[in-house]
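Scroll down for the structure; my scribbles are underneath it.
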Amino acid sequence: MKEQLENIYNSAKSDIDNAQSINDIENIRLKYLSRKGEFNSIKKGLKDLSDEEKRTVGALANQITKDLEDMLKAKHDVFYQKELRAKLEQERIDITLSSKFTPLGKIHPLTSTTNEIVSIFQNLGFSVVPTELSPEVETEYYNFDMLNVPKEHPARDVQDTFYVKDMPGVVLRSQTSGAQIHVMENQKPPIKVVSPGRVYRNENINARKNNFFHQIEGLYIDKDITFGDLKGVLNEFIRLYFGSTRPTRFRSSFFPFTEPSAEVDVQCIMCQGKGCRICGGTGWLEILGCGMVDINVLKGVGIDPEVYSGFAFGMGIERLAMLKYAIDDIRLFFNNDKRFLEQF
Ligand code: DAH
């Protein structure tokens, strides 16, 4: 019986040595070690042996079983590793391959500048005029008449303003100031609003001028509003928009719809005030017009100038963006060159 066991052991061992795969190993295990396997049928004969023989042969049988199990396990692990490696190799991902580039859309710099300006004014207590009170196709009545612009004013000339064909008195608005009139016709003071939007002018296009551009209009009407309030609000805006380090100046000016009127200049970002091509050698760039709302304008919309006063302002959004980001040509905003747009 001992011999039989050893024969089975030897034949199992040589089977294991010749095995080629996990599958072979499994078949060998079934052949020798399963309940119906060769080994078990021999072990059944143990019961016919003497006690003494049972002990030695039994011990040998156990030893052989254990040895075979260990050998099967070791061989199984070798095949397992080998097959795993082959599988991984086959499913390998080439991480050196460059990925597909999916470009992301971005907010246009004029839009983000507008959003930033609007949010500064919102923080200063201004609200935004609904778009129906600030139309781009306007009448001369709102764009000029109600703003106290005389009939013979040069701005009304077709050289400066686009008139809509076959529609007398209809223009593409040349300024956002008309929104002031719409708001005052629709709302009683106190009024504290801003209104951004596109305006059109019949200009020769160059680095500084385009035939459409964007403005943001502001209007604050209440009791006891003074020029001091105007300066306070605009200086605070400039401080928040540019940071406190940028020099500015108020310069007296004239607009038909404000009295007194002023313009605000910011030190030229390109030359730091030394004077260059962009600022025309002055070291300053104008960013807005402003003033105390003219009594005639208030009267026109039925607001009593004895009770109320207010200020208004209009600033160029392109100008503000150009100053902040050192952009030296207004046309860059409109020709959609990706090399420009991608920088924002
Ligand atoms: N509308 C003027 C322009 O386009 C700018 C302006 C000046 C607006 C004074 C105002 C203001 O509201 O009070 O040049």
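So the values come out like this:
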item: Residue that is assigned by TED's automatic domain parsing to the domain that holds Q122, out of contact with any strand residue (DSSP E or B) (no Cβ under 7 Å at 6 or more places or on another chain) and within 12 Å of the ligand (Cβ to nearest atom), where the choices are I205, I181; result: I181
item: Subset tally (residues that are in contact with a strand residue (DSSP E or B) (Cβ under 9 Å, 6 or more places away or on another chain), touching a residue at least 60 places away in the same chain (Cβ under 8 Å) and closer than 22 Å to T248 by Cβ) for region 322-344; result: 2
item: Residue count, region 247-278 (criterion: in contact with a Gly (Cβ under 7 Å, 6 or more places away or on another chain), among the hydrophobic types (A, V, I, L, M, F, W, C) and assigned to a strand (DSSP E or B)); result: 2
item: Of all residues making up region 1-33, the number that are more than 12 Å from L68 (Cβ to Cβ) and either open to solvent by less than 40 Å² (accessible area, probe 1.4 Å) or of a type in the set (A, V, I, L, M, F, W, C) (or both); result: 5
item: So I93, is it open to solvent by 50 Å² or more (accessible area, probe 1.4 Å) and among the aliphatic types (A, V, I, L, M); result: yes
item: Residue check for K106: open to solvent by 60 Å² or more (accessible area, probe 1.4 Å), in contact (Cβ under 8 Å) with a residue 12 or more places away in the chain and either part of a loop (DSSP other than H, G, I, E, B) or among the β-branched types (V, I, T) (or both); result: yes
item: Matching residues, region 156-186, being within 21 Å of T258 (Cβ to Cβ) and of a type in the set (D, E); result: D160, E185
item: Residues satisfying the stated conditions in region 204-245, i.e. aromatic (F, W, Y) and open to solvent by less than 20 Å² (accessible area, probe 1.4 Å); result: F237, Y241
item: Where N296 falls short, out of the listed (1) within 16 Å of the ligand (Cβ to nearest atom); (2) surrounded by 20 or more Cβ atoms within 10 Å (Cβ to Cβ); (3) of a type outside the set (D, E); (4) outside any strand (DSSP E or B); result: (2)
item: Close pairs (8 angstrom Cβ cut-off, 6 or more residues apart or separate chains): closer than 9 Å to R201 by Cα in region 150-166, open to solvent by 80 Å² or more (accessible area, probe 1.4 Å) and at pLDDT below 90 anywhere; result: D160/P154
item: Extreme residue, modelled with the highest pLDDT, among residues of region 246-293 that are open to solvent by less than 20 Å² (accessible area, probe 1.4 Å) and away from the ligand (no atom under 16 Å from the Cβ); result: G283
item: Any hit, region 308-320, residues being free of Cβ contacts under 8 Å to residues at least 40 places away in the same chain and either outside any helix (DSSP H, G or I) or of a type in the set (A, V, I, L, M) (or both); result: no
item: Single unsatisfied condition, F333 versus (1) touching a Leu at 6+ places or on another chain (Cβ under 6 Å); (2) open to solvent by 10 Å² or more (accessible area, probe 1.4 Å); (3) more than 13 Å from the ligand (Cβ to nearest atom); result: (2)
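Residue-by-condition table, conditions (1) assigned by TED's automatic domain parsing to the domain that holds T161; (2) touching a Cys at 6+ places or on another chain (Cβ under 7 Å); (3) surrounded by 15 or more Cβ atoms within 10 Å (Cβ to Cβ); (4) within 25 Å of D294 (Cβ to Cβ):
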| site | (1), (2), (3), (4) |
| --- | --- |
| E69 | no, no, no, no |
| Y80 | no, no, no, no |
| L84 | no, no, no, no |
| I117 | yes, no, yes, yes |
| N123 | yes, no, no, no |
| L133 | yes, no, yes, yes |
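The values are calculated or read from the model by the stated rules, or taken from the named source; none is laboratory data. Values in this document were obtained by computation on a predicted structure and should not be read as measured data. So basically every Cβ, Gly included, is an ideal-geometry build from the backbone, and we count neighbours across all protein chains shown. Note: areas computed on protein heavy atoms with side chains; ligands, DNA, RNA excluded. Shrake-Rupley method; radii C 1.70, N 1.55, O 1.52, S 1.80 Å.
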